[in-house]
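The values are calculated or read from the model by the stated rules, or taken from the named source; none is laboratory data. Please read all numbers here as calculations on a predicted model, not as lab measurements. Glycine gets a Cβ as well: all are built from the backbone with ideal geometry, and neighbour counts include every protein chain shown. In case anyone asks, the SASA skips ligands and DNA or RNA and just uses the protein heavy atoms, side chains included. Shrake-Rupley method; radii C 1.70, N 1.55, O 1.52, S 1.80 Å.
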Amino acid sequence: MNRRTTALSAATALAVSLALGLTGCSSDDVTADNAKGKPKLEVSGAFMPQPVMDMAGGFLTIKNDSATADKLLSVTSGLSDDIQIHETKNQKMQQVTSFDIPANGELKLERGGSHIMFMGIKQKPKQGDKVDIELHFEKSDPIKVTLPVEAPNHNPKQH
Ligand code: CU
C-alpha cells in the first residue's frame, strides 16, 4: 500500500514537471516559429591558431540577434576537404552534426570547448596568413569568414 502510494506520487511529480517543462519549451518555440524572419547572424572574433600538425582548429563567435534559432551545420574551405565540427566533453573532442545558435543568443567556439576542426590540411598556414571559410546554416544563408592565423597558443580569453 505504502509502496504504491510512493510510486503514484513519483509518477504524478514526473507528470507535473514534464508538463511544466513542455509548457516552458513550447511557448519559446511558438515565438520562434511565429517570427517568420530569418535569423540575424553576426560572426566575430574569428581566428585559427597556427597549426603544428596536419590538422587545424578554428574559433569564432556567432551572435544571433533575432527571435529565430538556427544551427551551424557545416564548414567548407579550400584548406581541407574534411572539415568537422567538434565539441569537447571531459577534455575529449567528438564530432557533432550541428551546433545550436539560440534565438537572441550566441554560439561560442573557443579553445577548450566547441570548435571547427580542419582535418588533413593541404598546407600549413603561418601566423599572419588568412584562411577563408564558409559557414553553412540550417536557415541562414552561408556566411563567408576570414580567419587570421595567430600564434599556435593564441587564446583571446587569456588577455
Ligand atoms: Cu577537434
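Things to note:
- Just one residue in the set D100, D81, D65 is open to solvent by 50 Å² or more (accessible area, probe 1.4 Å), among the charged types (D, E, K, R) and out of contact with any Leu (no Cβ under 9 Å at 6 or more places or on another chain); that residue is D81.
- The one condition from (1) surrounded by fewer than 16 Cβ atoms within 10 Å (Cβ to Cβ); (2) out of contact with any Lys or Arg (no Cβ under 8 Å at 6 or more places or on another chain); (3) outside any strand (DSSP E or B) that D54 does not meet is (2).
- Within the stretch 100-130, tally of residues that are more than 13 Å from N64 (Cα to Cα) and within 16 Å of the ligand (Cβ to nearest atom): 13
- The set of residues in the stretch 68-78 being within 16 Å of the ligand (Cβ to nearest atom) and surrounded by fewer than 18 Cβ atoms within 10 Å (Cβ to Cβ) consists of S74 alone.
- The requirement of being open to solvent by 70 Å² or more (accessible area, probe 1.4 Å) and free of Cβ contacts under 8 Å to residues at least 12 places away in the same chain is satisfied by Q94.
- Among the residues making up the stretch 36-66, those that are away from the ligand (no atom under 16 Å from the Cβ) and within 12 Å of E106 (Cα to Cα) are P39, K40, L41, E42, V43, S44, T61, I62, K63, N64, D65, S66.
- Within the stretch 83-141, tally of residues that are out of contact with any strand residue (DSSP E or B) (no Cβ under 7 Å at 6 or more places or on another chain) and over 14 Å from P49 (Cβ atoms): 8
- Number of positions in the stretch 121-159 that are surrounded by fewer than 14 Cβ atoms within 10 Å (Cβ to Cβ) and under 20 Å from T88 (Cα atoms): 5
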